[in-house]
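Asker: Here you go, one structure.
Every number here is computed from the coordinates shown, using simple stated rules; none is lab data. None of these values were measured; they are calculated from a predicted model. Here Cβ is always computed from backbone atoms with ideal geometry, including for glycine, and neighbour counts include all displayed protein chains.
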Amino acid sequence: MDFYCKMFVQTPLTKTELVGRLAQEFGWQFDAHFSTENDYLSLDIRDNEEFDTTGLNKEATGFLFFRYFFDIELLDERKVDEYKEQVARVIYLLQDRKCLVVTACSFEEELPKSGKCSF
């Protein structure tokens, strides 16, 4: 089974602010390219090059209206459960901060569902 996860994130936060929130919550250290690793996963925060600001004031759910996406990969196949828990915790944190989150992965049914975007 492939455990790669792509997480689309819509937020008014800048990447620097987003990294600060994740670092504060999880104790992660990010490099200058907005990437981090721990015992379970590697996570890269990337700009969505197809981001379209025209839909921001609508209830847009298309991926063109998501400012960022996270590339998340499992680092140790013996730690799949811990990896999934970390991914779920990231989703919960982002949702608590009123971010809209949509995941695309083979285990997305095991993850928290996305909610409405309310900035």
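Asker: Once you've got the Cα coordinates, tell me which of Lys15/Lys79; Lys6/Lys98; Lys6/Lys84; Lys15/Lys98 are over 21 Å apart.
Answerer: Over 21 Å apart, Cα to Cα: Lys15/Lys79.
Asker: Next up: For the residue pair Lys98 and Lys79, what label-to-label distance in nm results when each label sits 7 Å from Cα along the Cα-to-beta-carbon direction?
Answerer: Computed distance between label sites Lys98 and Lys79 equals 3.4 nm.
Asker: Would you mind computing, in nm to one decimal, how far apart the modelled labels at Phe107 and Asp31 are, each placed 7 Å from Cα along Cα→Cβ?
Answerer: The answer from the label model is 2.4 nm.
Asker: What aspartates and glutamates could a cross-link reach from Lys113, if we take a straight Cα to Cα line under 16 Å and drop same-chain neighbours fewer than 8 places away?
Answerer: Output for Lys113: Glu85, Asp96.
Asker: Related question: Which whole number of Å³ per residue matches the convex hull of the alpha-carbon atoms in the range 1-43?
Answerer: So the per-residue hull volume is 89 Å³.
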